[in-house]
Each structure stands twice: as C-alpha cells, then as structure tokens.
Amino acid sequence: MHIRSLFLLFVLAVIGAFTALNWEVFLANSPVSLGVATVHAPLGLLMLGLLVFVVAYFLVYVLYLQSTVLFDARRHAKELQTNRELADKAEASRFTELRGFLDAGLKQRAEQHTTAQQAMMARLDALETALRTSVEQTGNSLSAYIGELEDRLSSKHN
C-alpha cells in the first residue's frame, strides 16, 4: 500500500477509537441551532454523521476521477495503437513505392544495357564486314600482282 493509504487508514482508526471511547458523550442530547430553530439532538452523532457523509462523498469523487483517468488512458492507448498502425501502413506503402522505383530503375538499366549491347554487336558486325571486304580486296590485289608477275616472268622466259 501507498503511504497516503496507510495514513488515511490510520486517521480513520484514530477517529473510530475516539468515537468508541466517547460513545456516551456522542449520544448525549444538547441544544443544536439550525439557524431558524433550535432542536435537542446528539451533537456528537450529528458531527459523526457529517464526517461519514463527507468521507463517502470524497470516496465517490475519487472513484469518479480514477474511472475518468482510466477511460482516458484506454482511449489514448487506442488512439496510439491506431496511429501506430497508420504509421506502419504508411511505411509499408513507402517500401512498396521504393521497390517499384527500384524495379523500374533496374528495368531501365537492363534495357539500356541491351540497347548498348545491340549497338556494339551491330558495330562489330559492320567492322567485320568492312574487314572481310578489305581482306578480300587485299587478296584480289595480291592475286592480281602475283598474276602480273607470273605473266612478266613467263614472257621473259619465252
């Protein structure tokens, strides 16, 4: 128990002991003024009744405050959970968007790579064709020179 609760129980026990020790005095009739009239009633019992009423009133008030705080705490916890779920969904949405962006970027890179590879292959094919043509022309020229040399050699021998 908390110190305040122990102190409250101690005070109530002291009041109870005081009442039990002086019960005859509490029940003694005395003139009590109500403002407009005077009545004969036990003043101690009236004061004890007022004390019990005030204590009961404060207990009800404390219970009301605690229940209000409890309901507010529950409401705040639900709002916090809702906000947490909303933040998680937003984060998941951002991850999905990032994944889409990365997929699009990777696809674009793959297309650029394919295009560059096709351009390189076309250039290599063109170079190969040009090289074959050059080799063929060189071969033809060489054959022509060899044929010409053979003709010169044959005409000198004859």
Between Thr114, Thr68, which is without any contact (Cβ under 8 Å) to a residue 40 or more places away in the chain and within 30 Å of Leu12 (Cα to Cα)? Thr68
Go through (1) of a type in the set (A, V, I, L, M); (2) modelled with pLDDT of 95 or more; (3) touching a Ser or Thr at 6+ places or on another chain (Cβ under 8 Å) for Val69 and report which single condition fails. (3)
Select from the stretch 28-38 the residues that are exposed (fewer than 11 other Cβ atoms within 10 Å of the Cβ) and hydrophobic (A, V, I, L, M, F, W, C) and list them in ascending order. Leu34, Val36, Ala37
For Ala77, indicate whether it is of a type in the set (Gly, Ala, Ser), surrounded by 10 or more Cβ atoms within 10 Å (Cβ to Cβ), under 30 Å from Arg4 (Cα atoms) and within 29 Å of the chain's Cα centre (by Cα). yes
Criterion (within 30 Å of Phe26 (Cα to Cα) and surrounded by 10 or more Cβ atoms within 10 Å (Cβ to Cβ)) met by exactly one of Val54, Val69: Val54
Return yes or no: is Leu43 surrounded by 11 or more Cβ atoms within 10 Å (Cβ to Cβ), touching a strand residue (DSSP E or B) at 6+ places or on another chain (Cβ under 6 Å) and on the phi < 0 side of the Ramachandran plot? yes
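The values are calculated or read from the model by the stated rules, or taken from the named source; none is laboratory data. Computed from a predicted model, the values in this text were never measured in an experiment. Heads up, the Cβs are rebuilt from the backbone with ideal geometry, glycines too, and the neighbour counts pull from every protein chain shown.
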